[in-house]
1. Select from the range 593-613 the residues that are over 21 Å from residue 708 (Cβ atoms) and either more than 10 Å from ligand 2 (Cβ to nearest atom) or more than 22 Å from the chain's Cα centre (by Cα) (or both) and list them in ascending order.
2. Pairs, please: C-beta under 6 Å, at least 6 apart or cross-chain, first residue on the phi > 0 side of the Ramachandran plot and in the range 600-613, second within 16 Å of ligand 4 (Cβ to nearest atom)?
3. Quick check on residue 351: is it closer than 25 Å to residue 573 by Cα and free of Cβ contacts under 8 Å to residues at least 40 places away in the same chain?
4. Scan the range 106-115 and tell me whether some residue there is more than 16 Å from ligand 3 (Cβ to nearest atom), assigned by TED's automatic domain parsing to the domain that holds residue 359, more than 12 Å from residue 455 (Cα to Cα) and over 26 Å from the mean Cα position of the chain (by Cα).
5. Give me the pairs: first residue in the range 154-179 and without any contact (Cβ under 8 Å) to a residue 40 or more places away in the chain, second residue within 16 Å of ligand 1 (Cβ to nearest atom) and outside any helix (DSSP H, G or I), beta-carbon distance under 9 Å, and six or more apart or on different chains, which are they?
6. Could you run through the range 125-142 and say how many residues are in contact with a helix residue (DSSP H, G or I) (Cβ under 7 Å, 6 or more places away or on another chain), part of a helix (DSSP H, G or I) and within 16 Å of ligand 4 (Cβ to nearest atom)?
7. Given the condition surrounded by 19 or more Cβ atoms within 10 Å (Cβ to Cβ), under 30 Å from residue 51 (Cα atoms) and within 16 Å of ligand 3 (Cβ to nearest atom), answer yes or no: does some residue in the range 617-636 qualify?
Ligand SMILES: Nc1nc2c(c(=O)[nH]1)N[C@H]1C(S)=C(S)[C@@H](COP(=O)(O)OP(=O)(O)OC[C@H]3O[C@@H](n4cnc5c(=O)[nH]c(N)nc54)[C@H](O)[C@@H]3O)O[C@H]1N2
Ligand SMILES: Nc1nc2c(c(=O)[nH]1)N[C@H]1C(S)=C(S)[C@@H](COP(=O)(O)OP(=O)(O)OC[C@H]3O[C@@H](n4cnc5c(=O)[nH]c(N)nc54)[C@H](O)[C@@H]3O)O[C@H]1N2
Ligand code: SF4
Ligand SMILES: [Mo]
């Protein structure tokens with residue numbers, strides 16, 4: 001243990017990664033508490049302080065399990081880790097011999113398993129499969145990939161120093177991404193203006209300088225409107241545009257197709273407010289548009305993400321204080337992009353990456369068009385920022401599991417991800433999983449996804465492992481995360497899993513590390529330090545940014561400029577300029593615009609529904625409706641309803657709220673019922689899960705990335721007399 005006796009661990013209950021302090025007693029985690037540095041102490045939410053309730057939960061998986069009943073029956077025998085890994089390796093070898101290596105698909109999100117260090121990609125690349133899918137395909141990873149088309153990297157907003165902050169839906173709160181919430185408040189206290197675009201009066205909208213209540217799913221149109229104002233009123237940074245961009249005249253032509261009356265008709269926001277917001281943003285001394293998942297989940301997602309980049313660029317907010325900072329790789333830490341060994345996978349195997357034919361944006365096919373430019377500017381050919389730049393398309397992957405076309409996908413490994421519920425079209429995912437010959441799940445609880453596995457491996461948690469958190473190359477810096485207690489004896493980290501599997505496949509040379517600490521020491525070699533030395537120093541640092549680096553290096557795009565008109569998209573046969581595409585229309589049968597999301601303070605995504613202290617705060621799923629809509633439907637606050645779409649239905653309790661936009665309905669993400677385990681199909685994971693609602697046939701997806709339209713799809717409401725059978729709003733054990 002470190003000389004300082006304090007144990008600092010990075011919380012992975014959500015993905016923002018606050019450093020907390022661990023307090024232990026008799027070898028057990030007693031509690032996680034706030035940092036001793038007052039500035040960091042504010043960065044803790046009540047999920048973080050509930051960590052001991054999660055880590056010590058009675059339902060935590062402690063022993064590897066092997067399926068004994070039919071798939072999904074949830075019948076198991078306990079086996080040792082050694083037996084599990086031997087059998088998994090043996091069965092995977094048989095499947096690879098029969099179907100080829102591309103038969104293996106892997107799903108993970110990476111932040112809660114923490115210790116993977118891209119060894120999953122290293123293993124997959126050595127084996128020969130490109131079929132890696134991830135929750136980051138709907139969250140930041142895909143944004144990173146699309147940002148690279150415009151200016152070669154995914155910048156991080158300098159919120160604390162910004163004079164104008166634009167939130168496209170993004171709604172950080174005291175218990176939801178607390179550090180970002182604090183940064184926005186800090187900037188606001190220093191005079192920053194905040195513009196919120198959100199159909200609802202969200203918490204951020206309530207205190208914003210401007211709130212534009214746009215129709216869900218119309219963000220790309222809104223930004224085209226902003227550009228119309230900024231270009232035609234000449235509010236852009238002419239010097240930057242002239243010196244560093246390509247395609248401005250073509251962009252102007254496209255933008256002129258979106259005069260404000262058209263944008264107003266699409267978005268439902270009056271032209272004057274649109275113009276005022278655009279002016280406020282463009283004329284601010286510095287401004288940023290922090291990343292938002294809202295534009296990651298729309299039918300015009302690629303255009304919306306590109307438009308954010310274009311706005312940042314032409315207003316001169318790139319790589320300046322208070323703007324958007326291009327970090328690059330951390331010189332002190334070997335990046336996951338290198339460890340992944342993407343060079344090792346042959347072009348022939350890369351070409352098999354599922355979904356690359358129709359929706360290539362974040363697959364190897366599109367991203368490798370940037371490799372030589374990335375290497376020129378950033379020193380490595382592969383920049384897997386936020387682990388999201390070389391993924392297969394999830395919808396295409398699950399379809400291949402069902403149809404066995406273009407080839408059979410028969411082995412599915414899922415680590416720290418509730419895959420069944422974390423992509424669109426849960427019905428198809430289930431079918432695909434039922435058609436597998438080998439499913440391996442690593443998790444800390446028996447999730448609906450784990451219930452479908454052949455082998456379930458108990459994962460470790462952040463208080464049980466050493467780690468250094470870098471920010472997935474999105475921003476520069478390293479934060480120490482120390483082990484406070486031992487994991488359950490038969491638990492396995494994601495490091496251990498991939499390392500041991502690698503050894504079973506004869507890849508010993510590629511996996512020379514024995515322990516997580518060896519791995520960390522290897523990654524730290526450029527810094528000249530070891531993990532132990534860092535631990536002694538309570539290590540946490542953020543590299544001071546170097547501004548306007550592009551003046552020396554150019555941008556990591558084919559032209560070396562900011563490509564307002566994207567040469568990569570053009571080569572791939574897509575519209576190289578941003579555009580707006582309408583999602584499926586509401587109708588008499590399905591009259592409401594439905595969006596998923598509005599994260600719940602009590603949980604992270606599909607997790608923690610079994611943790612009493614958290615579930616007590618939010619016992620059941622809530623659907624938001626405007627009072628006028630509720631009245632028309634004969635619904636009052638706290639009624640139970642079904643929300644139905646053409647593809648599925650979700651049961652939830654209604655909250656009637658003035659803050660909701662009329663004609664809109666919110667459904668939450670990630671609801672299942674651990675208390676129903678054994679009684680309802682897959683622990684009630686088909687009762688209230690948003691993932692059943694959206695189709696994912698290609699015509700319903702964003703063209704370039706194949707992203708589903710979670711923001712503004714048509715639905716209707718049916719009143720229920722009773723809550724779902726077996727659901728408990730009170731009785732939870734642990
Ligand atoms: N339908 C639909 N899909 C979505 C979204 C949506 O709104 N709707 N949102 C998207 C977004 S924004 C994101 S960020 C992704 C999130 O995707 P993920 O981050 O993968 O989140 P989950 O799918 O909830 O799965 C997390 C799993 O990790 C387990 N877990 C928690 N802590 C640990 C740990 O320390 N070790 C191990 N081994 N396991 C742990 C939890 O029990 C849980 O089963 O999902 C995306 N997918
Ligand atoms: N407590 C807690 N905190 C979390 C998480 C969690 O699960 N729990 N998850 C974390 C993760 S992974 C993520 S990605 C973030 C997500 O958190 P946020 O970025 O805040 O996203 P949401 O909470 O899903 O939705 C934010 C707002 O988007 C609005 N909105 C809906 N449709 C649209 C639209 O089409 N356009 C626009 N402009 N706005 C729209 C909604 O009304 C809502 O107020 O939260 C993170 N923080
Ligand atoms: S915001 Fe809360 S859950 Fe997220 S990392 Fe920080 S303490 Fe953990
Ligand atoms: Mo997310």
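The values are calculated or read from the model by the stated rules, or taken from the named source; none is laboratory data. Quantities reported herein were computed from a predicted structural model and do not represent experimental measurements. As a convention, Cβ positions derive from the backbone with ideal geometry for all residues, glycine included, and neighbour counts pool all protein chains shown.
1. 609, 610, 611, 612, 613
2. 605/670
3. Here the answer is yes, as residue 351 does meet what is asked.
4. no
5. 172/16; 172/290
6. Summing the residues that are in contact with a helix residue (DSSP H, G or I) (Cβ under 7 Å, 6 or more places away or on another chain), part of a helix (DSSP H, G or I) and within 16 Å of ligand 4 (Cβ to nearest atom) in the range 125-142 gives 5.
7. Within the range 617-636, none of the residues are surrounded by 19 or more Cβ atoms within 10 Å (Cβ to Cβ), under 30 Å from residue 51 (Cα atoms) and within 16 Å of ligand 3 (Cβ to nearest atom).
Here's the yes/no breakdown for (1) at pLDDT 95 or above; (2) on the phi < 0 side of the Ramachandran plot; (3) surrounded by 17 or more Cβ atoms within 10 Å (Cβ to Cβ):
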{"residue": "498", "(1), (2), (3)": "yes, yes, yes"}
{"residue": "518", "(1), (2), (3)": "yes, yes, no"}
{"residue": "525", "(1), (2), (3)": "yes, yes, no"}
{"residue": "528", "(1), (2), (3)": "no, no, no"}
{"residue": "533", "(1), (2), (3)": "no, yes, no"}
{"residue": "548", "(1), (2), (3)": "yes, no, no"}
